[in-house]
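Notes follow the structure.
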Amino acid sequence: MIKAAVVGASGYIGGELVRLLAMHPEVEITAITSRRYAGKKVHKVHPNLRGLNLRFTNDYNFDADVIFLAVPHGESMKIIDEFLGSAKIIDLSADFRVSLDLYTKYYGEHVKPELIDEFVYGLPEIHREEIKKAELIANPGCNATAVILALYPLKGEVSEAIVDLKVSSSAGGRRENVASIHPERSHVVRVYKAFHHRHEAEVIQETNVKAQFTVHSVDLVRGLLATIYFKMETSEKELYKKFFRYLKEPFIRIVKEKGGIQRLPDPKYVIGSNFVDIGFAYDEENQRVMLFSALDNLIKGGAGQAVQNMNIAFGLDETLGLNYLPVYPI
């Protein structure tokens, strides 16, 4: 059995990590930490986890083969020395995802720059072989995962793209914020970030595409949809060929239908799963490509991808503990 600890388990992604790991046939959870909720039972914070015999602790002296850091951005780099060398580390913050120059541009000062190059970027569909040998893994951001996987089959053919992102409230984390309370959050299509979203850095690093994000907060609890636009002389037949590379990927589904409820990706149909639904359309008159990518920001955009990385790093079938079809209706 793999002994797993979740540091920062009180947030939404931390809670999903605990849920997925508790159901994983090869994992034993040895610790879940929270400074604020130390001593409390897990269901006091995550009511859906009632019945799990787990309590939060603020003690880092635990036995683990893998440690998931589910703490806020900027915190992992401050506490990582506590864990280095004791276990494999999967960091779900932005602290070690991108090169120092990109981090400095998009985030600011980094207090552990010497560690950045030690981390493998944990996007299995692109870095599976590196993840197999990794001791330190940086889990990608949710928006970045959706955009990178949509653009990657066209790497080298696209230099710039416009990205329209519709994101759910859970993407902002479990923060106390007036903008996130129900009267302010319900029924909105609010421009959250008009330009220079931080996840652009990951897209530049992984695809060499200058993807210009505009992010909208919408009235969803979880899930996101990325719509990506750029000019290219191609055809729908050629685009199909580009995306054939994903046919053997266990968690990527190509969605392009002429009829039915779901003709192109929609986050409604991936919720609760580790799937990414990717589709495309081509406007021949204007030579305009449109890519669509939908995922659950808390699963493939967070906890599920982290478990997928753990499976690969420990030589397990990467779908183990993740073979859940989406929940419908929601």
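Summary table below
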| quantity | calculated |
| --- | --- |
| Candidate set: the stretch 100-141, residues that are of a type in the set (Gly, Ala, Ser) and surrounded by 15 or more Cβ atoms within 10 Å (Cβ to Cβ); chosen: the one modelled with the lowest pLDDT | Gly141 |
| Residue tally, condition open to solvent by 10 Å² or more (accessible area, probe 1.4 Å) and part of a loop (DSSP other than H, G, I, E, B), over the stretch 272-282 | 2 |
| Hey, Arg36 closer than 30 Å to Val203 by Cα, open to solvent by 20 Å² or more (accessible area, probe 1.4 Å) and outside any strand (DSSP E or B) or not | no |
| Within the stretch 41-87, tally of residues that are within 13 Å of Ser10 (Cα to Cα), of a type in the set (Lys, Arg) and surrounded by fewer than 15 Cβ atoms within 10 Å (Cβ to Cβ) | 1 |
| Qualifying positions in the stretch 81-102 - in a helix (DSSP H, G or I) and touching a helix residue (DSSP H, G or I) at 6+ places or on another chain (Cβ under 7 Å) | Leu100, Leu102 |
| Pair list, Cβ < 8 Å and 6+ apart or interchain, from the stretch 149-160 residues that are over 15 Å from Lys241 (Cβ atoms) and open to solvent by less than 50 Å² (accessible area, probe 1.4 Å) to residues that are in a helix (DSSP H, G or I) and hydrophobic (A, V, I, L, M, F, W, C) | Leu151/Val203; Val158/Leu151 |
| Residues of the stretch 4-33 that turn out to be outside any loop (DSSP other than H, G, I, E, B), in contact (Cβ under 8 Å) with a residue 60 or more places away in the chain and open to solvent by 70 Å² or more (accessible area, probe 1.4 Å), as a count | 2 |
| Matching entry among Gly304, Gly272 (being under 24 Å from Val120 (Cβ atoms) and at pLDDT 95 or above) | Gly304 |
| Selection from the stretch 250-268 of residues that are more than 13 Å from Ala150 (Cβ to Cβ), part of a loop (DSSP other than H, G, I, E, B) and within 21 Å of the chain's Cα centre (by Cα) | Pro250, Phe251, Asp266 |
| Unique residue being open to solvent by less than 40 Å² (accessible area, probe 1.4 Å) and in contact with a Pro (Cβ under 8 Å, 6 or more places away or on another chain) when the list is Ala306, Ala211, Ala294, Ala313 | Ala294 |
| When residues of the stretch 233-249 are limited to those that are surrounded by 14 or more Cβ atoms within 10 Å (Cβ to Cβ) and touching a strand residue (DSSP E or B) at 6+ places or on another chain (Cβ under 8 Å), the one farthest from Thr319 (Cα to Cα) | Thr234 |
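For every residue, the table says whether it meets (1) aliphatic (A, V, I, L, M); (2) farther than 15 Å from Thr227 by Cα.
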position	(1), (2)
Glu238	no, yes
Phe251	no, yes
Gly259	no, yes
Val270	yes, yes
Val289	yes, no
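The values are calculated or read from the model by the stated rules, or taken from the named source; none is laboratory data. Since this is a predicted model, take the numbers as computed values, not measurements. When we count neighbours, we look across all protein chains shown, and the Cβ atoms used for this are built from the backbone with ideal geometry, even at glycine. Surface accessibility is based on the protein's heavy atoms, side chains included, excluding ligands, DNA and RNA. Shrake-Rupley method; radii C 1.70, N 1.55, O 1.52, S 1.80 Å.
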